[in-house]
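For reference, the structure is listed below as structure tokens.
A short reminder: the numbers here are calculations on the coordinates, not readings from a lab. The model shown is predicted, which means the values in this text are computed figures rather than measured ones. Note that each Cβ is placed from the backbone with ideal geometry, even for glycine, and that neighbours are counted across all protein chains shown.
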């Protein structure tokens, strides 16, 4: 089964939000840079047409509402 562009966009968005959080924590990017600015600067061009504020919000809400546990 091949992933759709929307599914790929969701995966990339999730990864970038996690990366943003880690980089903010480590002081590698300024606190003044928003997650949306970070995403728009780093998402590959071919997925920008799929991204929206609602999608970013949904992914961010989903990630932040679930504890990440490594097994």
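Contact order normalised by length for the chain, with contacts defined as Cα pairs under 8 Å and 6 or more residues apart; what percent is it?
Once normalised by length, the contact order is 44 percent.
Pairwise over distinct Cα atoms, reciprocal of the mean inverse distance: report the Kirkwood radius of the stretch 6-46 in Å, one decimal place.
10.5
Assuming 1.306 mPa s and 10 °C, estimate D for the chain with Stokes-Einstein, Rh taken as the Kirkwood radius over Cα pairs, in µm²/s.
Diffusion coefficient, whole number: 123 µm²/s.
Which ordering of 11, 53, 43 is given by a fewest-first count of other beta-carbon atoms within 10 Å?
53, 11, 43
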